[in-house]
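Everything on this sheet refers to the single structure shown next.
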Amino acid sequence: MTLLPLKARHIPNVITGLRILLAAPFLWSLLNEQYGIALLLFIIAGISDALDGFLAKYFGWTSELGGLLDPIADKLLLIGAILALGWLHELPGWLVALVILRDLIIVSGAISYHFLIERFVAAPLMISKLNTLLQLILVCAMIVHYGVTALPAWLLTGLIYMTALTTVWSGAAYIWQWSWRARNARQNNIGTGNDF
């Protein structure tokens, strides 16, 4: 069996693939409370995410596979970290449940829209990007707090509640957006004499 030759435009996907592989040792070190290693791996993952995104956009090395793998890599690390920190009782259980519920709503909503209304094209909302950024900062802050140096309680509490607020806000924004788009799609379809 011969492997396809690696081309320059495949580099972002290779970096993303390596980031997916990084999730296992990162989560293992986190669950074993080896916070120094976990922080190092988390930083490497963050740098690799920025690098593959830059290469894909700057050189036009985008692909459908990359568009699929990149969010999977991000979610594996981020949701895995939030679950692990919840398991260690370092994040409140209600926040972990809220984050998981939001992602389940988004995924099920996207799948339903795709199969029941029309082809779904992912377009992250600004509030969703802010929520992801706050989740990343919160995870990083928790790892630093428990493994490197203690951070002020007000900072951690503030991050927890800001993350919770944007989690609810972004979930509600997606529900509203998809409902609005579904209603418009249905009205346009009826207006052209078609029905679902």
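The values are calculated or read from the model by the stated rules, or taken from the named source; none is laboratory data. What you see is a predicted model; the values in this text were computed from it and never measured. For neighbour counting, all protein chains shown are included, and Cβ atoms are generated from backbone atoms with ideal geometry for every residue, glycine included.
Observations on the structure shown:
- Identity of the residue in segment 129-171, within 17 Å of the chain's Cα centre (by Cα) and among the small types (Gly, Ala, Ser), that ends up surrounded by the fewest Cβ atoms within 10 Å (Cβ to Cβ): Ala164
- Only one of the numbered conditions (1) of a type in the set (A, V, I, L, M, F, W, C); (2) over 24 Å from Gly158 (Cβ atoms); (3) not in a helix (DSSP H, G or I) is not met by Leu91, and that is (2).
- Test for Glu33: is it outside the structural domain of Ser179 (by TED's automatic domain parsing), surrounded by fewer than 18 Cβ atoms within 10 Å (Cβ to Cβ) and more than 27 Å from Pro12 (Cβ to Cβ): yes
- Residue in segment 2-14 that is assigned to a helix (DSSP H, G or I) and closer than 30 Å to His145 by Cα present: no
- Residues of segment 40-75 satisfying the condition of being within 19 Å of Arg9 (Cβ to Cβ), in contact (Cβ under 8 Å) with a residue 40 or more places away in the chain and of a type in the set (D, E, K, R): Asp52, Asp70
- Hits in segment 60-87 (condition: part of a helix (DSSP H, G or I) and aromatic (Phe, Trp, Tyr)): Trp87
- Residues in segment 19-66 that are over 16 Å from Leu77 (Cα atoms) and of a type in the set (A, V, I, L, M): Leu51, Leu55, Ala56, Leu65.
- Screening Thr157 with (1) under 24 Å from Ala38 (Cβ atoms); (2) among the polar types (S, T, N, Q); (3) part of a loop (DSSP other than H, G, I, E, B) gives one miss only, at (3).
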